[in-house]
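Right, one structure below, let's go through it.
The values are calculated or read from the model by the stated rules, or taken from the named source; none is laboratory data. Just so it is clear, the model here is predicted, and its values are computed rather than measured. Note: ideal-geometry Cβ built from the backbone for every residue, glycine included; neighbour counts use all protein chains shown.
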Amino acid sequence: MIKNKSNYKDVKFFLIPFVVLFMLFGILTYFNVQTRINEILKITEESTVTIADSYADALLNSKEASAIVTHLLDEKILVASKAVLLLDDTISNLSLIDLAERFQVDQINLYNAQGEIIYSSEKQYIGWQAYEGHPVNDFIKSNKDTLVEDIRQDTENKKFYKYGYVKRRDNTFVQIGVLAENIHSFTSKLEIQQIIEKIITKDDIKQVFFIDQNFKIIASTTPEQDGILIENPSIRDSIENMQTDVERRTINGEEQLNSYAPVFYNNEWLGTLFFVWDADLYESDIQNIIFYGVFELLLLMLVIGAILNFAYKKNQSNIKIAYYDTLTELPNAAYLDEYLSEVVKKCKKQKVAILLINCTNFKTLNITYGFKYGDMILKQIANSVKNEIPSDNMFFRFNADRFVLVVEDYKDQEALLSLAQKLIDVFRNPFDGGIRHEYVNVEIAVFEVQSCNIKVDKILQDATLALNNINSSFHEQIIFFDQNMEVDVRKKDIIETTIRAIISGEDKKSFHLEYQPKLDMKANRIMGFEALARMNIDSLGFISPPEFIELAEKRSIIYELGNHIMKEAFGFISALKNNGYEDLTVAVNLSAIQLLRDEFIDDVNELIKEAGIQPSMLEFEITESILLDNFEIINNKLNDIKKLGIAIALDDFGTGYSSFARLRELKVDTVKIDQYFISKISELDNRDLLTADIISMSHKLGLHVVAEGVEKREHKEYLDEYQCDILQGYLISKPLKYDKALEFLSVFK
Ligand code: C2E
Ligand code: CA
Ligand code: CA
């Protein structure tokens, strides 16, 4: 779970691109290195071709030349031999010496038919006899007339000669010998071996071989390898391909770079030049390429890493700004939203709840001592709570003076309650405000997540709703959200909408006034009515006046509703007047908010005029409680109202805080003793009742006294005895609809 915003997924966001880039550039570097290695191979191949081209010609020349030389030599030997034959009878050792000089050959021997040397340019050979197995004997045995042998060692003087033979008609024959070293001196500079040795003087080439069609090394820079047959199948393949080629291969654990160049003569493949390049040189090149490749890659990654690291740090600080509260360093509402939505998804596996903690006196604190002071206290609150809660519970600053604790995997409601109690205890001690110790009042709403699909917003909304249901007058501090609270909110919304429709005139059926008659005890006649509001909404049924009046006050529509009520009540007054009851009064209940509005008196005047009624038939009832905060203002207003000729009654007398001392100053005509004191009449002994005292004290102040909630005969008797002026209650009549109220008057007469 994302317990720390700055450590979690963001690292991944930067690591992944880094790894991807690393891989990407790694692959690029790899290919780059590979390309450059291939370039080296290519250069090697080109060099091979160039070298092969330049030496192939020489090679071919040598091949050709030695063929020609051999041919000329053969010719020469034969010509010399034939010249000897021409000597015929004049043959002598001397003439042979002469001929040898003339033809530039090294030896001339004349054999008899049995193979014995009869004449020779080298007189020590005279008398030498060819024996079985000797090449001379082989010639005698062959029926050939002429023969030129390949170079061989002379059996006598051990020198190498090329010998040729020509037979005469009498089977005697001439042998001509040319010293091989002379032939060599003639052809040696053209030999393959020499060419190869020239090639090796090239810096980078270590070894050169000339390999023939049968994979036999016929010439090489390492003569000990001459004549060896190439066995390596891959080398054989390359040779057989007859194409210029470069290959890297490991032979006997050693890296080698080989190249091939086939040599052709008259379109006939003579063999292949095989080069072994200096691997060290080439290896060090490759190593350099790899080294620089890797170096470049690392440098690049270092730069990218630095950039990403910078971006990461920047992001971290952005996260801090976005997800953490700068003052308390607690995670904030945005974080709460993300976190909670994650946690809620897992609600099938573990229980999830939130504790919404509200500091109730913070506004006053800020206003009184300044926001800096408030901030200082908030910081302490954050720290104290953090120290108190289990570390795996996330604690957020939700808004100004509200905190949220997310509780996961708890046992039951009991556990939540004790956790909430623990938090309340944190606030039992005062916080250090520097100038003074500060007590912070808190209330906690507990919301248990029941559905894994619930939106975070809904959770917070419901928790807030629960907070609103805390009854602070009973010092309640912890409340669990329950579904009814939501029902209640919905109900209130419907009531509000209905009230608005009533005010605008759209809704004519949900609202009306009822009129409760009031009995004048002395005259025993109905002296007036109290107008009481009634609301009946189709979907909700009957709504009690205190409920919708309070709601209208809270939602700031009481003034308009009050005007609507007056209009309807004034209509009733007008009807009374029209029916000849001009001496009756109708009391209308007022809310403090109505009274406090500047335009109230003007509006009342206007409505009176519109209805065409006398103010003397109108009375306003105000409750004691509204006097509490605004005594002076209210009292001035009451004075203005009285000046219009409207009477004023103080409602619910005895329940509030007003004293008789205050009552003296107050501009009222009547007090209405609260039902509570009337209901006590039947319960308590007469001696313990205050009711009689209230009546007599009020009379002393010159006020009329109305008793409310008179339900029983004994109430009436008691009130009669203590001279209460007016009675109101079910005993006389329940509140009545317009028609019934008028009807009641005619019947009561
Ligand atoms: P309230 O002004 O003290 O009104 C008297 C309440 O006592 C009325 O309740 C009435 O129906 C009830 N009542 C009358 N006789 C008896 C009785 O013998 N026994 C009992 N148990 N009750 C009796 P209701 O109509 O429910 O009104 C309650 C409160 O709602 C009123 O208390 C008044 O404060 C407020 N209210 C009613 N109508 C209006 C209105 O038009 N404007 C304003 N601002 N407040 C109103
Ligand atoms: Ca009243
Ligand atoms: Ca009352």
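Could you say whether any residue in the range 713-723 is at pLDDT 95 or above, over 60 Å from the mean Cα position of the chain (by Cα), within 16 Å of ligand 2 (Cβ to nearest atom) and not in a helix (DSSP H, G or I)?
No, the range 713-723 has no match at all.
Pick from Asn232, Asn214: which is over 17 Å from Glu46 (Cα atoms), under 60 Å from the mean Cα position of the chain (by Cα) and not small (Gly, Ala, Ser)?
Asn232
Check off (1) touching a residue at least 60 places away in the same chain (Cβ under 8 Å); (2) polar (S, T, N, Q); (3) assigned to a loop (DSSP other than H, G, I, E, B) for Thr464 and give me the number that stays unchecked.
(3)
Which condition number in (1) farther than 27 Å from Asp602 by Cβ; (2) touching a helix residue (DSSP H, G or I) at 6+ places or on another chain (Cβ under 8 Å); (3) modelled with pLDDT of 90 or more is the one that Ser682 fails?
Just one mismatch for Ser682, condition (3).
Might you check whether a residue that is modelled with pLDDT of 95 or more, within 16 Å of ligand 2 (Cβ to nearest atom), under 24 Å from Leu584 (Cβ atoms) and not small (Gly, Ala, Ser) occurs anywhere in the range 654-670?
Checking the range 654-670: at least one residue is modelled with pLDDT of 95 or more, within 16 Å of ligand 2 (Cβ to nearest atom), under 24 Å from Leu584 (Cβ atoms) and not small (Gly, Ala, Ser).
Any idea which residue in the range 249-272 is farthest from Ile235 (Cα to Cα), counting only those that are β-branched (Val, Ile, Thr) and more than 60 Å from the chain's Cα centre (by Cα)?
The qualifying residue farthest from Ile235 (Cα to Cα) is Val263.
Criterion first (within 16 Å of ligand 1 (Cβ to nearest atom) and surrounded by fewer than 21 Cβ atoms within 10 Å (Cβ to Cβ)) does Leu650 satisfy it?
no
So which strands (runs of 3 or more DSSP E) stay within the range 364-448 end to end and still have 1 or more residues that are of a type in the set (Asp, Glu) and either closer than 30 Å to Lys345 by Cα or touching a strand residue (DSSP E or B) at 6+ places or on another chain (Cβ under 6 Å) (or both)?
402-408, 442-448
Of the residues that make up the range 677-696, is at least one in contact with an Asp or Glu (Cβ under 6 Å, 6 or more places away or on another chain), more than 15 Å from ligand 3 (Cβ to nearest atom), in contact (Cβ under 8 Å) with a residue 24 or more places away in the chain and not in a strand (DSSP E or B)?
yes
Would you mind telling me which numbered condition in (1) surrounded by 14 or more Cβ atoms within 10 Å (Cβ to Cβ); (2) out of contact with any Ser or Thr (no Cβ under 8 Å at 6 or more places or on another chain); (3) in contact (Cβ under 8 Å) with a residue 24 or more places away in the chain Val456 fails?
Result: Val456 passes all but (2).
I'd like the full set of residues that are without any contact (Cβ under 8 Å) to a residue 60 or more places away in the chain, of a type in the set (Asp, Glu) and within 22 Å of Pro135 (Cβ to Cβ), limited to the range 91-120.
Correct list: Glu116 only.
For the range 536-571, which positions are away from ligand 2 (no atom under 15 Å from the Cβ) and among the small types (Gly, Ala, Ser)?
Scanning the range 536-571 gives Ser539, Gly541, Ala552, Ser556, Gly571.
Identify, from the list Ala382, Ala400, Ala415, Ala334, the residue that is surrounded by fewer than 17 Cβ atoms within 10 Å (Cβ to Cβ), closer than 23 Å to Leu467 by Cα, modelled with pLDDT under 95 and out of contact with any helix residue (DSSP H, G or I) (no Cβ under 9 Å at 6 or more places or on another chain).
Ala415
Between Leu644, Leu650, Leu627, which is more than 16 Å from ligand 3 (Cβ to nearest atom), touching a helix residue (DSSP H, G or I) at 6+ places or on another chain (Cβ under 9 Å) and in contact (Cβ under 8 Å) with a residue 24 or more places away in the chain?
Leu644
Can you tell me which residues in the range 476-509 are acidic (Asp, Glu), part of a helix (DSSP H, G or I) and touching a residue at least 24 places away in the same chain (Cβ under 8 Å)?
If the condition is that a residue be acidic (Asp, Glu), part of a helix (DSSP H, G or I) and touching a residue at least 24 places away in the same chain (Cβ under 8 Å), then Glu486, Glu496 are the ones that fit.
Limited to the range 113-136, what total is found for residues that are small (Gly, Ala, Ser) and either in contact with a helix residue (DSSP H, G or I) (Cβ under 6 Å, 6 or more places away or on another chain) or not in a loop (DSSP other than H, G, I, E, B) (or both)?
Final tally of qualifying residues: 4.
Among the listed residues Ile626, Ile622, which satisfies the condition of being within 16 Å of ligand 1 (Cβ to nearest atom) and within 60 Å of the chain's Cα centre (by Cα)?
Ile626
Identify the single condition in (1) modelled with pLDDT of 85 or more; (2) more than 16 Å from Thr44 (Cα to Cα); (3) assigned to a strand (DSSP E or B) that Phe274 does not satisfy, given that it satisfies every other one.
(2)
Which residues, counting only those in the range 653-679, are polar (S, T, N, Q), within 12 Å of ligand 1 (Cβ to nearest atom) and touching a helix residue (DSSP H, G or I) at 6+ places or on another chain (Cβ under 9 Å)?
Answer for the range 653-679, where residues must be polar (S, T, N, Q), within 12 Å of ligand 1 (Cβ to nearest atom) and touching a helix residue (DSSP H, G or I) at 6+ places or on another chain (Cβ under 9 Å): Thr655, Ser679.
Taking the condition touching a residue at least 12 places away in the same chain (Cβ under 8 Å), farther than 19 Å from Asp520 by Cβ, of a type outside the set (A, V, I, L, M, F, W, C) and within 15 Å of ligand 3 (Cβ to nearest atom), does Thr670 pass?
no
Within the range 697-712, track down each residue that is more than 15 Å from ligand 3 (Cβ to nearest atom), not charged (D, E, K, R) and not in a helix (DSSP H, G or I).
Scanning the range 697-712 gives Leu701, Gly702, Leu703.
Inspect the range 138-147 for any residue being surrounded by fewer than 21 Cβ atoms within 10 Å (Cβ to Cβ), in a helix (DSSP H, G or I) and free of Cβ contacts under 8 Å to residues at least 24 places away in the same chain and give the result as yes or no.
Yes, that holds for at least one residue.
Condition check ((1) of a type in the set (A, V, I, L, M, F, W, C); (2) farther than 18 Å from Gln450 by Cβ; (3) touching a residue at least 60 places away in the same chain (Cβ under 8 Å)) across all residues:
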{"residue": "Asp409", "(1), (2), (3)": "no, no, no"}
{"residue": "Glu414", "(1), (2), (3)": "no, no, no"}
{"residue": "Asp425", "(1), (2), (3)": "no, yes, no"}
{"residue": "Gly433", "(1), (2), (3)": "no, yes, yes"}
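Any idea which of Ser238, Ser317 is within 30 Å of Asp375 (Cβ to Cβ) and either in contact with a Leu (Cβ under 7 Å, 6 or more places away or on another chain) or of a type outside the set (Phe, Trp, Tyr) (or both)?
Ser317
What number of residues in the range 309-331 are more than 15 Å from the chain's Cα centre (by Cα), part of a helix (DSSP H, G or I) and surrounded by 14 or more Cβ atoms within 10 Å (Cβ to Cβ)?
Selection size over the range 309-331: 1.
Between a residue in the range 587-609 that is farther than 13 Å from Leu638 by Cα and any residue that is assigned to a helix (DSSP H, G or I) and among the hydroxyl-bearing types (Ser, Thr, Tyr), which pairs come within a Cβ distance under 8 Å, given they are 6 or more apart or on different chains?
Pairs found: Ile593/Tyr559.
Hey, which of the strands (runs of 3 or more DSSP E) in the range 511-601, taking only ones fully inside, have at least 1 residues that are within 16 Å of ligand 3 (Cβ to nearest atom) and either modelled with pLDDT of 95 or more or crowded, with 18+ Cβ neighbours inside 10 Å (or both)?
Counting at least 1 such residues, we get 511-520, 525-537, 585-589.
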